[in-house]
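The values are calculated or read from the model by the stated rules, or taken from the named source; none is laboratory data. This one's a predicted model, so the numbers in the text were calculated from it and none came from an experiment. Here the Cβ is made from the backbone with ideal geometry for all residues, glycine too, and neighbour counts use every protein chain on show.
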Amino acid sequence: MRATGVSDRTKPWTARLLAQAALVLIFATFGMGAAQAERRLALVLGNAAYQNAPALAVSVHDAQAIADKLQGLDFEVVSGFDQTKAEALATIAKFAKQVRGADIALFYYAGYALQASGKNYLMPVDAALQDDSAIDFETIPLDLVLRHMSRETGVRLVFLDASRANPLADALAASSDMEARSGLAEIPIGTGDTGSLIVSAASPDTIARGGNDEPSAFSAALLAHLGEPDLSIAETMNRVTADVSQSTAGQQKPWIGGSLSTDVVLQKRKDSPAPIVVGEATPPADQGTPPAGAAPAPAAADRASFDAALAKLPKLPSNAPVFFDIPLKFGDPAIDNRSIAQLLQGKPLFSPIEGLDKSVWDRECSGCHQWTKQLLCDQAKTYVPNPDMVVRLKHPLGTQFKAALRNWAQNGCQ
């Protein structure tokens, strides 16, 4: 936390640190924990009032209940109910713009879906699926949402209540050569992904028990257990699976795929002791006196964890300030002797979005990065109080580039 505004930049560095230290004491006094709060963002979509298929009884009700539950668990929620494809894409785009840098990104969907040639597609309320081209123009690939969720996020949680009998999928398969069917195909977890959990209401290639006009056993169980105090997400899924199996007499079992390397707990008990803010509000030893216009050091960071993360930062060959338009040595031969501005017009070293086909990104393409100087500055500023993000999350131009971005942000993004 820090005071903002033009006048803050004119204060001496020591004075600003004293102000930050005061804020540390305020936060500690009121038991608010570390100043850098965990950022949680959720996308919730629910469709029931289909125009060309039988309406669903409870999917929008379930989605609204999930959205309310997540808001109570400190999630920012982007939601859409009974949306056409155009409306749903706009909602997903809004989520995609906001999710970058989130500690936890979550997606919940309730409605019709289908699989075709091993891929899964969500069905907006205006889908008709009368010919092969409808898959491209009337549905939303699940992969589209998953790719955007992977953009510099820490943990990704996906819950799909979409294993319903889909009459339009059956009609499409009967009237074309497309291998379309109800139920979801197995969703692969990307190689090297250590932060995803994907849960479907039923096993791959199977249909959820009960009719489409009956309550969802899966969403009911999810609502009952999601966010139980001190319960890890892994144990939450164990309880959800047990509830679904019991309520369906063993005829339905959720599918769980994941690669979480750490426990995720969405809610701590209210009587749990608040985190202790430790240390003095002084700049890290190797950071020195910040240049003019630099972003200040984090105000109420846990010194032990902050210093440990700082020690892991890759070192640039020079301690000189980084500028947007001046070429520099990054310490990586693949990008050395070019400026940040030049690199944004070039070719990424690897996929900017997890799972993206190589033919899409492995080429010179200035539009692929979708960065302006201001957007890049906004992202780089998040690395200053969170040095762990430099090494924890991938960037298409590599870790050395992210280390340079952090230096650039400390230099006021000049």
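Between Pro275, Pro215, the distinction of being farther than 21 Å from Ala185 by Cβ, modelled with pLDDT under 90, out of contact with any strand residue (DSSP E or B) (no Cβ under 8 Å at 6 or more places or on another chain) and not assigned by TED's automatic domain parsing to the domain that holds Leu157 belongs to Pro275 only. Among residues of segment 293-337 being more than 25 Å from the chain's Cα centre (by Cα) and not in a loop (DSSP other than H, G, I, E, B), the one that is modelled with the lowest pLDDT is Arg303.
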